[in-house]
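Trainee: The structure's right below; bear with me while I get my questions together.
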Amino acid sequence: MATPAGASGMLPHMEEATSPPMSIDYVEFPMTDVAQAKKFYGDVFGWTFEDFGDAYASFDCGNLSGGFAKAGEVHRGGGPLIVLYGSDLPALQQKVTAAGGKIVRDTFDFPGGKRFHFTDPSGNELAVWSDQ
């Protein structure tokens, strides 16, 4: 079967890749209360922060960095799901609720492990999974 590719085997509008594919470098969450978000993610997951005024803080979670940006409200649904890893899901569920988060989907099995979903105090939905 013939293809529209030129002599190089590539489509005319595509260039040969000379660098690695782009990777996710930074994740930014809208937060109704940045100070509350820092306390929640610091208490539950041990993240560290750098403040840039009252309306923004960057975070470091060990393998990725991101930020919390002050927002009037958080829109739910339809966006990407951020999934964190943790080895002790029951303990993390307790920490989430003790810190003001809500479990929105109890722990369930999926191929490769188990996970649960929660919302942080601003309403962002995330998940935590474990292969244990």
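The values are calculated or read from the model by the stated rules, or taken from the named source; none is laboratory data. For clarity, every value in this text was computed on a predicted model and none was experimentally measured. All Cβ positions, glycine included, derive from the backbone under ideal geometry; neighbour counts span all protein chains shown.
Trainee: Which residues, taken from the stretch 39-61, are farther than 23 Å from ASP88 by Cβ and modelled with pLDDT of 95 or more?
Mentor: Result: PHE49, GLU50, ASP51, PHE52, ALA55, TYR56, ALA57, SER58.
Trainee: Mind telling me which of the residues LYS102, LYS70 ends up being closer than 13 Å to MET31 by Cβ, in contact with a strand residue (DSSP E or B) (Cβ under 8 Å, 6 or more places away or on another chain), surrounded by 13 or more Cβ atoms within 10 Å (Cβ to Cβ) and of a type in the set (Lys, Arg)?
Mentor: Testing whether each residue is closer than 13 Å to MET31 by Cβ, in contact with a strand residue (DSSP E or B) (Cβ under 8 Å, 6 or more places away or on another chain), surrounded by 13 or more Cβ atoms within 10 Å (Cβ to Cβ) and of a type in the set (Lys, Arg) leaves just LYS70.
Trainee: Just to verify a result, which residue in the stretch 76-99, among those that are among the charged types (D, E, K, R) and within 26 Å of THR32 (Cα to Cα), is surrounded by the fewest Cβ atoms within 10 Å (Cβ to Cβ)?
Mentor: Among them, the one singled out is ARG76.
Trainee: Which residues, taken from the stretch 53-63, are free of Cβ contacts under 8 Å to residues at least 12 places away in the same chain and over 14 Å from the mean Cα position of the chain (by Cα)?
Mentor: GLY53
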